[in-house]
Amino acid sequence: MSSGFSVKLIALSKSSRQHNIGYLIGAFEDKSFAALFIILMALSALPIPTGGVTNIFEIITMILAVQMIAGRQSMWLPKRLSQRKLSLQFFSKTLPVIVKWVNKLERLSHPRFASIVSAGWFQRLNGLVILVFAIFAFMAPPFTNLETLPALGIIIMALALLLDDLVFSIVGFLVGCAGIALIFILGSLAFKLI
């Protein structure tokens, strides 16, 4: 991972200002898709009940994934979404957790099959998978924590794009698929009980 990404994450976590999503798009420039996937899905990936609070972040992730599938190099969000402010609590509590885990995963990673990861077709394929995972995270019933694994799959796949590491991409795919399977299994059990 570029040290610039880590440095920007640390600076954001120590920020005393309430930044909006548009600011984050500008802050991460050429790696903005991957960086925003990590930031937007972080709260969904934590094993805590969110009660549907994260749905707006999942919708934004879906919009960005569609743009990635279309091959866009720079992202676009409706003005209303890009001006949406993230809470100071997000910057003071959630972001430091992201920084801690990013640093740990950074030590495990090194560029593996970087030419595949940076290829346009692979970026589009990642966008498609991220879109599917975001849809399932969005559809997970509130207060069940079932959005955790699809969201974590998105984060690991986004890290793969930042680190140029195909192994991370495969791991993220498997984690997200496990989350989708869990949603189906528990959903069918709940349906049988009703």
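What follows draws every value from the coordinates through simple rules; no lab data is involved. Owing to the predicted nature of the structure, the values given are computational and were not obtained by experimental measurement. Virtual Cβ from ideal backbone geometry, glycine too; neighbours counted across all protein chains shown.
Rounded to the nearest 500 deg cm²/dmol, what is the calculated helix-only ellipticity per residue at 222 nm for the chain, with -39500 (n - 2.57) per DSSP H run of length n ≥ 4?
Values: 10 runs with 134 residues, N = 194.
When only DSSP H runs of four or more count, the value is -22000 deg cm²/dmol.
Using Cα springs under 10 Å in a Gaussian network model of the chain, which residue among ALA65, ALA137, ALA114 shows the largest mean-square fluctuation?
Maximum fluctuation in the GNM of the chain, among the listed residues, is at ALA114.
For SER74 and VAL99 in one chain, what is 0.36 nm times their gap in residues minus the Cα-Cα distance, to one decimal in nm?
6.6 nm
What nm distance separates the two modelled labels at HIS19 and SER188, each placed 7 Å from Cα along Cα→Cβ?
Here the answer is 4.3 nm between the modelled labels.
Order by neighbour count: ILE10, ILE116, ILE98, fewest other Cβ atoms within 10 Å first, most last. Walk me through the intermediate numbers first.
On the way: ILE10 15, ILE116 12, ILE98 21.
The most exposed by this proxy come first: ILE116, ILE10, ILE98.
Where in the chain are the helices, taken as whole DSSP H runs, whose Cα atoms extend 30 angstrom or more along the long axis and whose Kyte-Doolittle mean reaches at least -0.5?
Details: long enough: 166-193 (41 Å, 2.34).
Within the chain the helices that satisfy the rule are 166-193.
How large is the Kirkwood hydrodynamic radius of region 3-193, counting all unique pairs of alpha carbons, in Å? Walk me through the numbers on the way to the answer.
On the way: mean 1/r = 0.0601 Å⁻¹.
So the Kirkwood estimate lands at 16.6 Å.
Hey, what did region 3-193 get for relative contact order, percent, Cα under 8 Å, at least 6 apart? Don't jump to the answer; show the numbers that get you there.
Values: 276 pairs, mean separation 53.3, N = 191.
The normalised contact order for region 3-193 reaches 28 percent.
Cut-off 10 angstrom, C-alpha nodes, Gaussian network model of the chain. Which of ARG84, ARG107, ARG72 fluctuates the most?
Greatest mean-square fluctuation among the candidates belongs to ARG107.
Mind listing the long-range amide H neighbours of ASP165? Cut-off is under 5 Å, sequence gap 5 or more, other chains count too, H placed in the peptide plane at 1.01 Å from N.
Here ARG112 satisfy the definition.
Given a cut-off of under 8 Å on Cα pairs at least six residues apart, what relative contact order in percent is computed for region 81-182?
Working: 104 pairs, mean separation 28.9, N = 102.
Contact order relative to length: 28 percent.
Could you identify which residue out of MET68, MET157, MET139 has the top mean-square fluctuation in a GNM of the chain using Cα springs shorter than 10 Å?
Largest GNM mean-square fluctuation: MET139.
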